[in-house]
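Accompanying notes for the structure given below.
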Amino acid sequence: MDLRGLLEQHRLVAIVRGRDADAATRSVVALVEAGVPLVEVSLTTVGAEAVIERARAELGPEVALGAGTVCTAVDAMRAAEAGATFVVTPGYGPGVDEATRLGLPALVGALSPTEVIAATGAGATAVKLFPASVGGPAYLKALRDPFPDVSFVPVGGVDAELARGYLAAGAIAVGVGSPLLGDAPHGGDVAALHERAKRFLDAVAA
């Protein structure tokens, strides 16, 4: 899977993290139906592997469905076995190395320049700037001076307006959790999720 190409094309990764496995699965399917083609299911979600497996079965093999909060080698193996086609990590660790061994592209978390170097050295497809809220678009812009060729994906506190700011500052895409998902992965309103998805898709397309 060409994860970098998909990030560059679609510019939005939805992050599903929920307390209800059924609701989380419905949220994944709703996002894809709403036109969000890159969805990450955090392994902190209740029944995360089952959510990935059920969403994969419903959506088919072509959808870019990832596993997030991958920290250990076991996490990466769990993600692959569940049907994830990419992984997302909060930082560089054994999960990145195992994902690479398994042939899964990785969006690797980093905040400092040292961490960016570690992530790219480990073969990250893109660097998840996390938590992006610490420095905002101005920090991303500063990081891009020494790392002009790194594909950054800011994650953490990204709303629709900030999404525009990060993309203008040079991000290849943004990752969005609760500002997009709301309470849908916990059993909330899926119709409202469709509306929020439209707003974010409009924001990243602007």
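Applying 1/(1 + (r/R0)^6) with r as the Cβ-Cβ distance of Glu195 and Arg144 and R0 = 30 angstrom yields a FRET efficiency of 0.40. Reported to the nearest whole Å, the Cα centre-to-centre distance from segment 138-187 to segment 4-30 is 15.
Pair-distance distribution of segment 122-171: all C-alpha pairs, bin width 10 Å, starting at 0; shares per bin in whole percent are 28, 59, 13, 0.
Here are labelled values, [x] 14.3; [y] 12.0; [z] 9.6, and one is the computed mean projected area of the Cα convex hull in nm² for what I pasted. Which one? So the calculated entry is the one marked [z]. The orientation-averaged projected area of the convex hull spanned by the Cα atoms of segment 137-199 comes to 4.4 nm². Ligands, DNA and RNA left out, the 1.4 Å accessible surface of the chain is 54% carbon and sulfur atoms.
Note on the chain: helix-only mean residue ellipticity at 222 nm, from DSSP H runs of 4+ residues weighted -39500 (n - 2.57) and normalised by residue number, equals -14000 deg cm²/dmol.
The values are calculated or read from the model by the stated rules, or taken from the named source; none is laboratory data. Just so it is clear, the model here is predicted, and its values are computed rather than measured. Don't worry about glycine lacking a Cβ; one is built from the backbone with ideal geometry, like all the others, and counts go over all protein chains shown. These accessible areas exclude ligands, DNA and RNA; they are computed on the full protein's heavy atoms, side chains included. Shrake-Rupley method; radii C 1.70, N 1.55, O 1.52, S 1.80 Å.
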